[in-house]
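Below is one structure, written out as structure tokens; the observations come after it.
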């Protein structure tokens, strides 16, 4: 509820003040109510005394007035006439003069001469009250004085009485400062009261009511009481009740209370203001810290604007500030690590992609992406260890950097690949820079005292000319690298079609696994003929692939891809199966025919082919098959490959070295192989008749092969002159378009049949 | 006493009808109400039959009041106070024209007082404060007292009536105090066309003339 600190503080202060105030108010209330009671009692006592004094002084006044009357000579003369009517008229006249309410005249013996009321007159002159007394007649209270009438002897007693009525009590109230009520004890009767009419009635009822009694009524009416009694001439007891309103007395204290509450309210308001102010001095720096913290949270590590204070908040702010700078430093480090390669401290692939994306997004920007790939770096790593490899990479990064311009971006794009982005260069300048780079990189790397010569391939792509999308830009750069690698060049600029060829390769890799099942592969065979008479002695089985989407796909295209993907195993298996079928059909009429099967390097280190051929040999198929292997196929894992060949040779299969002369072929190595045939690559045969160099190579190769007891096959024989030259030089078998293009099984079958007929 | 009064009245009527010009004047207060007990003072020379001093002017005491309340007499007249009440009265005067005292007397005594100086005499009773009466004493002038309807009849002599001259009157009332000179002078043109005399006086606020409580109390007990 009270989430905010300042509100909470204000509430706490407020509650404290309220508690203190309530205590004060309670104390005041207790004290005042006691005080009021005491004050009331004291005032009423004073009022009672005043009442008595007022009654006494009034009696004195009455007595004097009565004496003035009785001293009047005319009055005396009237009394002396003993004529009652005259006396009465004189009494009335004089009584009216002083406003008396009761007159009685009696002779010295006490007998009535004239009286306004029925009175027991003898009591009046008993003199015990000194001529001043109260009497009750007809339910009315009178204050009476009895004075002698002398002429000069006592001739009569004159008694004058004055009503003690509501009007009088009201006058007395003004002086005594308390309500005065006079009531007769027996019978209970209200005689006079200064109380307001309603209270007066209530008082009268309370007197006549036996149960409630007037004490209860007083309590109920909120009146404080002081009571005294007076006795009348006739012995009646008259009670004098002096009352005053408690509420009236409380009123001044109510004012006090209101004042206290007012002061309390003001104190409360001031407290709240002070509390809010105090809270603000606390909450403002806290809020600033909080803001700074959320700024930090949102990743903004810029310096904060926290005020420098000398208090705890200042310390907190300082601590916060140093924490912020530490975090900012760490953040920078983390960001650097996230975007840079740890080894070379160059931007990493992701960072490069981000930067490239920025440049591609900026239509005004144009430039080049160069990818520099280290050839066979893995092999280096494997042979000298990663630490040295890392050393090489660092040196390489240094060399690349030294060739960079100020706003070039050099990044480590992959384990053995660097990327260089440079802007606003022409192709010729890039070519010159690449030349320069090539020179730099040709210098051997010195690591751990040894020198290493490394080969590099570099692809160059221009943006946005060659690509506007990041992915295609990078892919085209990689394709260019690959192109360079395939063509054994240091660099290759991207050209139209590079990427399409690449994409076709991807499609081939994708379709390859399905080709066998779909029956997309077909086999043809190119006859291999005896040089002496041109008779077909064997045929090289060649695979053809027609794909619905890709069209004709040459073996040059898909065989390397099949080797990379491992699919070659399946393909070779299929070829071997087909070969067996062919053999089984052909040998029904020609038992000497042999079929050559091209064996991939992958097949040699894979048990699958070996198993197949072992199985075939059990069906005595070895004498019909020649396994053609390229020299380079033996380079990957020479030991295992050679072991495999030996095993197959021992089974009785003939082994042929294909494409001889293109690789690092050496007859010394061939000598170690269990081979039966050497196929001179078509590159030496094609232009045999015009190239004397080729002739000498072929001649010497044939001679050497024969020395090693190898059968020599010439590929790519395309004219009769070549045939004659090869025959003259003792080449054993010929293969080429001059004799036959690759033909279907049916054609081969027919050809063999025809040859048999002519024989 | 009643016979004497009747006789004197008859005498006035007779004289008016025989050879005089009788005019009736009405006295009004400032509100236009008839004024009782106003005294019109008029020079004897214009009167048909002016009075001389009289011996038996009667001021009675009836029900604790002087009757008549205002009397006009000529200098040297004697007034009789007969007391028709059954209680005694103690009539007195402190007026300069005639201070006197008639100590408590009953209906038996009929005391007399001769007024031998002109002026106003205020009468009181020592034991009945409400009893007040006035006696206006003249010599050269003669006074006429207005009745309850404010009317006064005056017989003027022929000379006055025929010459049609203006005469001057002085009108006095007890409300004006006990100096006759305080009375208003009125010019009256003869013959009188408009008989109303309007005085610049108004009656004082009437006292509550309820009967004394004490008297009622005594009366309660019976006589």
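No value in this document is a laboratory result; all are computed from the given coordinates. Nothing here was measured: the structure is a model prediction, and the numbers come from that model. Note that each Cβ is placed from the backbone with ideal geometry, even for glycine, and that neighbours are counted across all protein chains shown.
Just check chain A against the gyration tensor rule for me: Cα atoms, a ≥ b ≥ c as the square roots of the eigenvalues, rounded for a/c under 1.5, and otherwise prolate or oblate depending on whether a/b exceeds b/c.
prolate
So, in Å, what gap is there between the alpha-carbon centers of region A:326-375 and region A:382-405?
18
Can you tell me the order of A:544-556, A:9-21 when each peptide is scored by its average per-residue count of other Cβ atoms within 10 angstrom, highest first?
For the peptides A:544-556, A:9-21, the packing ranking is A:9-21, A:544-556.
Counting DSSP beta bridges in region A:502-635, what percent are antiparallel, to the nearest 5?
Taking every DSSP beta bridge with both residues in region A:502-635, the antiparallel ones total about 60 percent.
Please average, across the residues of B:96-106, the number of beta carbons from any other chain that are within 10 Å of each residue's own beta carbon, and give a whole number.
That works out to 1 on average.
To the nearest whole percent, what portion of all C-alpha pairs in region B:2-198 is separated by more than 26 angstrom?
The answer is 34 percent, as a whole percent.
Within 10 Å of each Cβ in peptide B:124-130, how many partner chain Cβ atoms are there on average? Round it to a whole number, please.
On the way: counts 0, 3, 8, 13, 5, 4, 2.
Partner Cβ neighbours, averaged per residue: 5.
May I ask you to derive the FRET efficiency for residue B:162 and residue B:54 from their Cβ-Cβ distance with R0 = 41 Å, giving the value to the nearest 0.05?
0.90
To the nearest whole number, what is the average tally of beta carbon atoms from other chains within 10 Å of the beta carbons of peptide A:78-86?
4
Starting from 0.36 nm per residue, how many nanometres of slack lie between residue A:167 and residue A:394 once their C-alpha separation is accounted for?
Length difference between fully extended and current span is 69.1 nm.
If you count, for each residue, the other Cβ atoms within 10 Å and average over each peptide, how do B:23-34, A:354-365 line up from highest to lowest?
Result, highest mean Cβ count within 10 Å first: B:23-34, A:354-365.
Can you give the Rg and Dmax of region A:1-131 based on its C-alpha atoms, in angstrom?
Every Cα atom of region A:1-131 included, Rg and Dmax give 33.5, 106 Å.
How much length is gained if the chain between residue A:209 and residue A:334 is pulled fully straight, taking 0.36 nm per residue apart and subtracting their Cα-Cα distance, in nm to one decimal?
This chain segment gains 34.9 nm when fully extended.
Starting from one equal scatterer on each C-alpha and no solvent at all, send me the Debye-based log10 I(q)/I(0) for region B:81-158 at q = 0.19, 0.26 Å⁻¹, two decimals.
Log-scaled intensity ratios, in q order: -0.92, -1.21.
Rank these for me by crowding, A:214, B:105, going from fewest to most other beta carbons within 10 Å.
B:105, A:214
For labels at residue A:544 and residue A:41 in the simple 7 Å Cα→Cβ model, what's the distance in nm?
14.1
So how far, in whole Å, is the C-alpha centre of region A:650-704 from the one of region A:421-495?
36
Express as a percent, rounded to the nearest 5, the fraction of DSSP beta bridges in chain A (both residues included) that run antiparallel.
Bridges in chain A are about 75 percent antiparallel.
Could you tell me whether region A:606-690 comes out rounded, prolate or oblate from its Cα gyration tensor? Rule is a ≥ b ≥ c as square roots of the eigenvalues, rounded for a/c under 1.5, then prolate if a/b exceeds b/c, otherwise oblate.
prolate
In which sequence would B:87, B:186 go, from the one with the fewest C-beta neighbours within 10 Å to the one with the most?
Taking fewest neighbouring Cβ atoms as first place, the list is B:186, B:87.
Pick out which of B:212, B:95, B:149 has the largest mean-square fluctuation in a Gaussian network model of chain B, springs linking Cα atoms closer than 10 Å.
B:212
Please rank A:648, B:185, A:288, fewest neighbouring Cβ atoms within 10 Å first, as an exposure proxy.
B:185, A:288, A:648
Relative contact order for chain A: what is it in percent, counting Cα pairs under 8 Å that are at least 6 residues apart?
The value is 7 percent.
Specify the angular offset, from 0 to 90 degrees and rounded to the nearest 10, of the alpha carbon long axis of helix A:166-176 from the longest principal axis of the alpha carbons in chain A.
70
Using alpha carbon centroids, what distance separates region A:721-738 and region B:134-189, in Å?
201
Report the paramagnetic label zone for residue A:442: residues of region A:480-516 whose backbone N is under 15 Å from a point 7 Å from Cα along the Cα-to-Cβ axis.
Zone members listed by number: A:489-491.
Return the calculated 222 nm mean residue ellipticity for the protein assembly as shown, to the nearest 500 deg cm²/dmol, obtained by summing -39500 (n - 2.57) across DSSP H runs with n ≥ 4 and dividing by the residue count.
Per the formula, -14500 deg cm²/dmol.
For a Förster distance of 22 Å, can you work out the FRET efficiency between the beta-carbons of residue A:676 and residue A:379, rounded to the nearest 0.05? Mind dumping the intermediate values first?
Details: r = 33 Å, r/R0 = 1.49.
Step by step, r from the Cβ atoms, then E = 0.10.
Counting only DSSP beta bridges with both residues in region A:345-496, what percent are antiparallel, rounded to the nearest 5?
Working: 23 of 26 bridges.
Approximately 90 percent, going by the DSSP bridge assignments.
What do you get for the angle between helix A:246-297 and the principal long axis of chain A? Use alpha-carbon atoms, 0 to 90 degrees, nearest ten.
The angle comes out near 10 degrees.
Roughly how many nanometres apart are two label points built 7 Å out from the Cα toward the Cβ at residue B:63 and residue B:122?
Inter-label distance under the simple model: 2.5 nm.
State the extension gain, in nm to one decimal, for the chain segment bounded by residue A:426 and residue A:516, taking 0.36 nm per residue of separation less the distance between their alpha-carbons. The partial results should precede the final answer.
Numbers: separation 90, 0.36 × 90 = 32.40 nm, distance 4.83 nm.
Length gained between residue A:426 and residue A:516: 27.6 nm.
So what is the relative contact order for region A:5-246, in percent, with contacts set as C-alpha pairs under 8 Å and at least six apart? Intermediate results must be reported in sequence, preceding the final value.
Values: 367 pairs, mean separation 43.9, N = 242.
Across region A:5-246, relative contact order equals 18 percent.
Over region A:348-478, what is the mean sequence separation of C-alpha contacts under 8 Å (at least six apart), divided by residue count, expressed as relative contact order in percent? Each step should come with its number before you reach the end.
Working: 163 pairs, mean separation 50.6, N = 131.
Rounded, it is 39 percent for region A:348-478.
To the nearest 10 degrees, how steep is helix A:386-402 against the longest Cα principal axis of chain A, on a 0 to 90 scale?
Relative to chain A, helix A:386-402 is tipped by roughly 80 degrees.
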